[in-house]
Amino acid sequence: MRPGRTSWATPFACDDYLELVGWNGRATHPRRRGFIAEYRPKIPDRLEFDGETFIDYAGSLLQEFGTTVGAPDAITRYCARRQSKYLRGVRLAGKVFSSERAA
């Protein structure tokens with residue numbers, strides 16, 4: 001993955017940034033908000049998304065997805081729990097999130 005393309009962007013590749021967030025969450029006290037247990041898979045592995053596509057849409061993420069961001073099946077399950085007929089972002093989720101990690 002490529003680092004941020006703008007001067008204000010974090011100078012990390014997306015996977016590196018998520019790794020840093022995960023490391024910080026595991027270092028947080030277990031009773032504090034943001035704690036990530038050791039047994040949880042690493043964030044990039046849990047998300048299973050195409051980082052390049054994610055970065056391309058990051059500037060307009062909430063406009064594209066609306067209130068829910070995730071894999072298409074997760075959005076569909078969330079929609080069912082909310083008893084909603086439609087949630088914005090399902091088509092984009094199919095582009096960003098995949099069942100196999102992009103190499």
Exercise. Once phi is turned into ³J(HN,Hα) by the Karplus curve 6.51 cos²θ - 1.76 cosθ + 1.60 with θ = phi - 60°, what whole-Hz value does each residue of the range 71-81 show in order, with x for glycine and proline?
Worked result: 5, x, 5, 5, 5, 4, 5, 4, 4, 5, 4
Exercise. Which net charge results when you count Lys and Arg as +1 and Asp and Glu as -1 among the other residues whose beta-carbon is under 14 Å from that of Leu20?
Worked result: -1
For this session: Starting from the amide H of Phe97, placed 1.01 Å from N in the peptide plane, find each other amide H under 5 Å away whose residue is 5 or more places distant or on another chain.
Result: Asp50
Problem set entry | Rounded to whole Hz, the Karplus (6.51, -1.76, 1.60) HN-Hα couplings of the range 26-31, x for glycine and proline | 6, 7, 6, 4, x, 8
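Bear in mind that the values in this text are calculations on the coordinates, not laboratory data. These figures come from a predicted structure and were not determined experimentally. Methodologically, a virtual Cβ is constructed for each residue, glycine included, from the backbone with ideal geometry; neighbour enumeration extends over all protein chains shown.
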